[in-house]
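Where a number appears in this text, it was derived from the coordinates with a stated rule and is not lab data. Note that the coordinates shown come from a computational prediction; the quantities given were computed from them, not determined experimentally. A quick note on method: Cβ atoms are made from the backbone with ideal geometry, for glycine too, and the neighbour counts reach across all protein chains shown.
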Amino acid sequence: MAAALVVGACGSGSPSALDPKGPASERIAQVWWLMLALAVAVYLVVGALILLSSRRKRAAEEGDRRLPLSENAFIWVGGVAVPTAILLVLAVVTVSSTAELTQADDDPLRIEVEGFKWWWEVRYPDADVVTANEIHVPAGRPVEIELTSADVIHSFWVPELAGKVDLVPGQRNVLRLTADEPGEYRGQCAEFCGIQHARMAFLVIADEPTAFEDWIERHRAPPPDPPAGPAAEGERIFESTSCAGCHTIRGTSARGTSGPDLSDFGSRRTLGAALVENNRGNLGGWIVNAQALKPGNLMPPVSLEPDELQALIAYLESRR
Ligand code: CUA
């Protein structure tokens with residue numbers, strides 16, 4: 001009952017592991033429902049026995065001492081045989097599910113994700129593409145995500161698509177998932193990693209396979225021509241101020257690695273690790289004082305004249 005209330009309360013808006021959108025999460029949800037069903041059955045049986053025992057006590061007081069089962073037999077059945085059977089069923093189901101979830105697929109798309117406090121670097125090693133916080137995948141194709149961390153332990157969790165796997169410094173863990181349908185699936189760091197742990201989110205964006213190929217091609221193609229208009233001034237500002245010390249933009253002299261690669265920033269839906277929508281207003285606020293939006297992150301306030309800020313925004317939004 002309590003579980004049903006909790007499930008109901010999680011309802012719309014936040015992604016639920018009980019609303020699976022791929023084979024891995026489907027399997028996990030099945031295990032969850034089996035566990036719930038068994039727990040409810042045990043609860044009902046124990047409740048019924050408690051009621052029964054209170055009635056039997058009265059019957060015993062009235063001199064009726066007949067038992068359906070000897071006391072020893074009751075303990076052997078109810079205390080040993082039934083729990084052992086239930087635990088055996090759960091052991092077989094969970095071990096076989098885990099084996100299935102970790103089984104390698106034929107021809108998966110390989111992606112590398114590295115956790116940083118508090119954002120995600122995303123690399124496509126076979127295509128030489130680097131991005132951040134938004135992971136494009138082709139719908140229907142298995143994806144093999146290799147996970148590691150640059151600093152502390154994080155945990156990669158997209159409830160609608162797969163289980164959780166930790167990102168551990170110096171170690172490479174693998175998570176396998178498939179998104180059945182195109183769509184946007186929200187992910188979240190699921191291991192406490194510092195004050196912005198709760199705002200270490202990301203998106204998995206499942207595209208139609210052809211749209212995914214287009215996306216990869218666009219990102220691996222030679223960098224676009226130097227921008228014109230205010231964006232050209234923005235590029236000059238980006239390369240000559242503190243921006244370039246921390247961020248990389250393909251095809252420019254900006255090669256910093258302590259912040260996210262911004263080569264395709266204009267095509268991202270969100271900024272600040274899925275913190276807010278990527279629009280000019282939020283971007284301006286972020287550049288001027290990222291600490292107000294996400295206290296404790298590594299980005300210092302950047303002081304610029306208003307027209308310089310507008311030029312920088314125009315430049316970043318032009319990088320797609
Ligand atoms: Cu990263 Cu919590």
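For the stretch 162-224 and the stretch 265-279, what is the separation of their C-alpha centers, rounded to whole Å?
The two parts, judged by their Cα centres, are 14 Å apart.
Over 16 Å, how big is the tail of the calculated P(r) for the stretch 15-101, in percent of all Cα pairs?
Details: 2514 of 3741 pairs.
Beyond 16 Å sits 67 percent of the P(r) for the stretch 15-101.
Toward the positive end of the charge dipole of the stretch 93-186, about the Cα centre and with charges on Cβ (Lys, Arg +1; Asp, Glu -1), which of A99, H136, P182 goes farthest?
Value computed over the given set: A99.
Report the far tail of the P(r) of the chain, meaning the percent of Cα-Cα pairs longer than 37 Å. The partial results should precede the final answer.
Numbers: 17126 of 51040 pairs.
Of the Cα pairs, 34 percent sit more than 37 Å apart.
Using every Cα-Cα pair within the stretch 273-315, state what percent have a distance larger than 15 Å. Mind showing how you got there, number by number?
Details: 349 of 903 pairs.
Considering the stretch 273-315, 39 percent of its Cα-Cα pairs are separated by more than 15 Å.
Using the crude model of +1 on Lys and Arg Cβ and -1 on Asp and Glu Cβ, and no other charge, please compute the dipole size for the chain relative to its Cα centre, in debye to 20. Can you show the working numbers first?
Values: 28 positive and 41 negative charges, 313 e Å.
The calculation lands at about 1500 debye.
Going down the list K21/K117; K21/K164; K21/K294, which pairs span over 22 Å between their C-alpha atoms? Please list the in-between numbers first.
Working: K21/K117 28 Å; K21/K164 15 Å; K21/K294 30 Å.
Violating the 22 Å Cα-Cα cut-off are K21/K117; K21/K294.
For the stretch 197-268, what are Rg and Dmax over the alpha carbons, in angstrom?
Spelled out, the Cα radius of gyration and Dmax of the stretch 197-268 are 14.4, 39 Å.
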